[in-house]
Amino acid sequence: MRAPRRAAPRRIEASASRNAARASAILDVERELEEWRDRAVPDPSMPLEADDVARLVGDCLAVLGLDEAAASSFTVNTVHFYRRKEILDAPEGRTSAARYTLRHLWQAVGARLAGQLGLLTLAEARDAMRGRSERVLLTFVAERVLDARARQAARRSALPVVVARPLVPTAASPTAARALASPNAATGAAGMAAIVVALPGDAWCVVPTAHSAHRSATAARALGRALTEALLAIDEPSDL
């Protein structure tokens, strides 16, 4: 009888490394979610109405830089639908007097990510979240956020890739050039690999493939602020 084949040590090590990296990434997202919660819901004991849950879900998804449609289309009707389908645990009170908590908020965010982004079915999300503690729900949401960002990154990889030269400050607009220059960009004359990102209003933005904005919502927001400052600085009067 042939002995069962054992996985190669390198393969086991690689799998353990991937698991450790994912666990670390989940913790980072949990901290990001907690920071948002502290800003958006300063009093965690305060009961929430259905419209509060709808507003907070949309704000959370928008701040995380996830699917815009998933954020903007989440309404009070979605909250009621989730409640009827028992995706949300029963709130205190009924109909217009129903009051929700942070647990319900995380359930709503997790279900939205699962259903709208196709990461899990709503039934699977319901079974995973029903009756769970806030800490377990936070981890569930963090995992879905991580999956959503991975899918976004995969989609971006299909965007046009070009070779772009670094922006060089000029006498006419030194501030704009400094603000637009990527902190991760190479400065050689040969240029760098970059992705062309389509923006509203027939605008385009060229972002180096190595830029941290492709992997971090915080870095992406910082890049957006830098772009805004740079565009405004173009019209600044020259000191020369």
Item to check | Residues satisfying the stated conditions in the stretch 105-160, i.e. in contact with a Cys (Cβ under 7 Å, 6 or more places away or on another chain) and among the charged types (D, E, K, R) | outcome: none
Checklist entry - Can you name the residue in the stretch 1-20 that is open to solvent by less than 90 Å² (accessible area, probe 1.4 Å) and not in a helix (DSSP H, G or I) and, of all such residues, is modelled with the lowest pLDDT? => result Ala7
Checklist entry - Being open to solvent by 50 Å² or more (accessible area, probe 1.4 Å) and farther than 18 Å from Arg135 by Cα, is that true of even one residue in the stretch 21-36? => result yes
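Taking the stretch 58-80, which residues are in a helix (DSSP H, G or I) and over 25 Å from His214 (Cβ atoms)?
Val76, Asn77, Thr78, Val79, His80
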Checklist entry - Among the numbered criteria (1) assigned to a loop (DSSP other than H, G, I, E, B); (2) at pLDDT 95 or above, which single criterion is violated by Trp36? => result (1)
Checklist entry - In the stretch 56-80, which residues are surrounded by 14 or more Cβ atoms within 10 Å (Cβ to Cβ), in contact (Cβ under 8 Å) with a residue 24 or more places away in the chain and among the hydrophobic types (A, V, I, L, M, F, W, C)? => result Leu56, Val57, Cys60, Leu61, Val63, Leu64, Leu66, Ala70, Phe74, Val76, Val79
Next on the checklist: Among the numbered criteria (1) touching a helix residue (DSSP H, G or I) at 6+ places or on another chain (Cβ under 7 Å); (2) open to solvent by 60 Å² or more (accessible area, probe 1.4 Å); (3) modelled with pLDDT under 75, which one does Ala233 miss?
Outcome noted: (2)
Item to check | Flag for Val53 being part of a helix (DSSP H, G or I), β-branched (Val, Ile, Thr), touching a strand residue (DSSP E or B) at 6+ places or on another chain (Cβ under 9 Å) and open to solvent by less than 70 Å² (accessible area, probe 1.4 Å) | outcome: yes
Checklist entry - What residue, among those in the stretch 81-109 that are among the polar types (S, T, N, Q) and part of a helix (DSSP H, G or I), is least open to solvent (accessible area, probe 1.4 Å)? => result Gln107
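Any idea how many residues of the stretch 48-85 are under 20 Å from Arg221 (Cα atoms) and in contact with a helix residue (DSSP H, G or I) (Cβ under 7 Å, 6 or more places away or on another chain)?
Let us first name the residues in the stretch 48-85 that are under 20 Å from Arg221 (Cα atoms), namely 56-72.
Checking the rest, the ones that are also in contact with a helix residue (DSSP H, G or I) (Cβ under 7 Å, 6 or more places away or on another chain) come to 56-67, 70-72.
Total satisfying the criteria: 15.
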Item to check | Cβ-Cβ under 7 Å pairs, at least 6 apart or on other chains, the stretch 89-110 side within 12 Å of Pro44 (Cβ to Cβ) and among the charged types (D, E, K, R), far side at pLDDT 85 or above and not in a loop (DSSP other than H, G, I, E, B) | outcome: Arg103/Glu134; Arg103/Leu137
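The values are calculated or read from the model by the stated rules, or taken from the named source; none is laboratory data. These figures come from a predicted structure and were not determined experimentally. Cβ coordinates were reconstructed from backbone atoms using ideal geometry, including for glycine residues, and neighbour counts include every protein chain displayed. Just so you know, the surface numbers come from the protein's heavy atoms only, side chains and all, with ligands and any DNA or RNA stripped out. Shrake-Rupley method; radii C 1.70, N 1.55, O 1.52, S 1.80 Å.
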